[in-house]
Amino acid sequence: MIREIITYPNKLLRTKSEDVMKFDNELHTLLDDMYDTMIASSGVGLAAIQVAVPLNVLIINLVNEDDIQDKADLIEVINPVITHKDGVQINQEGCLSIPGYYENIKRAKHIVVEFYNRYGEKQIKEYEDFLAVAWQHEMEHLSGHVFIENLSFIKRQKFEKEWKSKQKAKRS
Ligand SMILES: CC(=O)Oc1ccc(/C=C/C(=O)NCCc2ccccc2)cc1OC(C)=O
Ligand SMILES: [Co+2]
């Protein structure tokens, strides 16, 4: 079922999420609901805190070479840890919790991660390029950060000004 996505500057987004202890039906329902919610909002990545659940759970489903968002490419991630990162890349990022704002962010080009799937099976994988961007963006949510916190002071001020006027326009 589709859940509500909390948006900036909701303080809940600053929560440090906790590790999942039980790989049970409740977790499976959360993962299924996160997928429905992400797809309904045209997203390619979502962290559990964005649907107000402070657990180290995230999902990523990038579009493939044919521009199809194939569920076969869905990655369900529980209790992830980045064990290695190197290189540098800059990509434009957006976030379902900060709708309509996109900015270039610097990330590591290549990462190695350890995590568990929905059955509690340990995975060790490495990612690079855009997939590595999505991973780093979503993992930041688990530590209570959003991507605009990587911006320079000037760009952050520009964002806050734009965001305020957009929120005022919505209320009026
Ligand atoms: C108006 C509005 O909501 O714009 C959007 C902003 C962000 C998004 C989705 C962002 C998203 O999935 N981010 C996942 C993290 C990520 C960031 C950069 C690269 C990989 C992964 C969708 C939006 O909605 C539409 C209709 O495009
Ligand atoms: Co995000």
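The values are calculated or read from the model by the stated rules, or taken from the named source; none is laboratory data. Nothing here was measured: the structure is a model prediction, and the numbers come from that model. Don't worry about glycine lacking a Cβ; one is built from the backbone with ideal geometry, like all the others, and counts go over all protein chains shown. Quick note on the areas: whole protein, heavy atoms, side chains included, nothing else; ligands and nucleic acids left out. Shrake-Rupley method; radii C 1.70, N 1.55, O 1.52, S 1.80 Å.
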Estimated inter-spin distance, M1 and D70, nm [label 7 Å along Cα→Cβ]: 3.2 nm
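Placing unit charges on C-beta atoms (Lys and Arg positive, Asp and Glu negative, everything else neutral), compute the dipole magnitude of region 11-170 about its Cα centre in debye, rounded to 20. Each step should come with its number before you reach the end.
Working: 20 positive and 26 negative charges, 241 e Å.
Using only the charged Cβ atoms, the result is roughly 1160 debye.
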Derived scalar couplings ³J(HN,Hα) [region 15-20; Karplus, 6.51 cos²θ - 1.76 cosθ + 1.60; whole Hz; x for Gly, Pro]: 6, 8, 6, 9, 5, 6
Label-point separation in nm, I124 to N104, each point 7 Å along Cα→Cβ: 3.6 nm
Y101 long-range amide H proximity, modeled H, under 5 Å: C95
Accessible-area composition of region 1-127, carbon plus sulfur, in percent [1.4 Å probe]: 50 percent
Candidates E114, E149, E126, ranked by Gaussian network fluctuation over the chain, Cα under 10 Å, top entry: E149
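Checking the a/c ratio against 1.5 first, then a/b against b/c, what shape does the Cα gyration tensor give for region 1-158? Each step should come with its number before you reach the end.
Values: a/c = 1.39, a/b = 1.19, b/c = 1.16.
Rounded, since a/c falls under 1.5.
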Amide H partners (placed H, <5 Å) of V20, local residues excluded: N56, N79
Förster radius 25 Å - calculated FRET efficiency between N91 and L12 (Cβ-Cβ, nearest 0.05): 0.45
For region 105-112, 3J(HN,Hα) per residue [Karplus equation, 6.51 cos²θ - 1.76 cosθ + 1.60, θ = phi - 60°, Hz, x = Gly/Pro]: 10, 8, 9, 5, 7, 9, 9, 10
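How large is the accessible surface per residue of the chain, computed with a 1.4 Å probe and reported in Å² as a whole number? It would help to have the intermediate numbers written out before the result.
Values: 9620 Å² over 172 residues.
Result: 56 Å² per residue.
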³J(HN,Hα) computed for each position of region 56-68 - Karplus, 6.51 cos²θ - 1.76 cosθ + 1.60, integer Hz, glycine/proline x: 6, 9, 8, 10, 9, 8, 6, 6, 8, 4, 8, 6, 9
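Evaluate the relative contact order of the chain (contact order divided by residue number), counting alpha-carbon pairs under 8 angstrom at least 6 apart; express in whole percent. Walk me through the intermediate numbers first.
Values: 292 pairs, mean separation 37.7, N = 172.
With pairs under 8 Å counted, the relative contact order is 22 percent.
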